[in-house]
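Beneath this line is the structure, given in structure tokens, with notes to follow.
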Amino acid sequence: MKKKMLILIAAFFLVFALAACNNSEVTSDEQAEKDNQLVVYTTIYPLQFFTEEIGGEFVATKNIVPPGSDAHNVEVTTKTMMELAESDAFIHTGTGLESFAESVTKAVEKEDVHIVNATEHVDFIGAKEDSHEDESEEDHEGHEDEFGESHDGHENESDESHEGHDEESEESHEEEGHADEHDHGHPSDQDPHVWLDPQRSITLAENIKNALVELDPEHKEQFENNFETLKGELGKLDSEFEEMANQAKIKTFLVSHSAYGYWEDAYGLEQIGISGLSPTDEPSQKDLTEIIEMVNEENLKYIYFEPNLTNKVAEAVKNETKTEVLTLNNLESITDENIKNDEDYLVIMRKNIEALSTGLN
């Protein structure tokens, strides 16, 4: 009798364990559906943060750009694409920053997925005119002559290749499936890094709020209240940036990647960017010479690097100018360390303020 009882007990626990295993295999999307949540896919981290803050308990988000990654170079897996096709919304910047956004939009255009351009109605700034577009093969070979090394195999780039890239980029924007409905065909020379300006981020957040209200009007009041709270936090952040800029002894900073033009527009802080709007836009020999001269003329002591990017040319400039390294986060993605330390958009932006304060005083 005892033996039979032991067998029955063992069988019970086996069935219980199998049921637990099966439950653990339920996807987060399925769980969100069970919890009556909207499932929203975002591209870069700030869009995820704004969506979570506004959506609260009624929204489950997934961000496509992994921690520590550069949004320019991310590729979407087939698995992610299939999961995204079952979601409620896809939120992107509408700027071409995310190379995968157009293909995702086209892939789900026949699905019931709401496509959201988060930068609609945003006042963009353009890229500053510089000589990056005038690079020649001779200039790139000059990198090796001046700094004793070549950089990422870009030595043979020419004017023709740059022009071809620009034409291809413009064509891809014009052909985007949802351009008429959601985008405004932002040209490739517009600076996409609008989320680094807290005031412009309020517009991004409002676009996201409007999309959530459209998808789930039952919770409009909660979305509106959460948006107002976030708007207040972004307003405080804007004031802190302004206070830091007003107190800065110098207004110019040297950075590896030209992602911070909106701080000049909003606060009068001028970046000297080594790479262009895209980290792959390397400077010519002439540019490098001018950058080094500017660093010396401005007597800059620091160079800012970013945790999600490596830049050999910037390393060479650091060595040449003997500048010390500080960190700015462009927030296209956050790091595993940020996640571990529960550092969100607001925390990281305030760390950017601290880093700027150090370098500008």
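My understanding is that a pair violates if its Cα-Cα distance is over 30 Å; which of K79/K351; K62/K106; K79/K340; K318/K351; K79/K220 do that in this structure?
K79/K351; K79/K220
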J(HN,Hα) series, segment 264-280, from Karplus relation 6.51 cos²θ - 1.76 cosθ + 1.60, nearest Hz, glycine and proline x: 6, 5, 8, 10, x, 9, 9, 8, 10, x, 7, 8, x, 4, 9, x, 8
Size of charge dipole - segment 299-338 - debye, nearest 20, with Cβ of Lys, Arg +1 and Asp, Glu -1, no other charges: 280
Amide H partners (placed H, <5 Å) of H257, local residues excluded: I274, S275
Cβ-Cβ FRET estimate between Q247 and E214, R0 fixed at 51 Å, reported to 0.05: 0.75
Probe 1.4 Å, accessible area per residue of segment 252-361, Å²: 41
Charge sum, other residues only, whose C-beta stays under 11 Å from H121's C-beta, Lys/Arg counted +1 and Asp/Glu -1: -2
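The values are calculated or read from the model by the stated rules, or taken from the named source; none is laboratory data. What you see is a predicted model, and the numbers here were worked out from it, not measured in a lab. Every residue, glycine among them, receives a Cβ derived from its backbone with ideal geometry; neighbour counts consider all protein chains shown. Quick note on the areas: whole protein, heavy atoms, side chains included, nothing else; ligands and nucleic acids left out. Shrake-Rupley method; radii C 1.70, N 1.55, O 1.52, S 1.80 Å.
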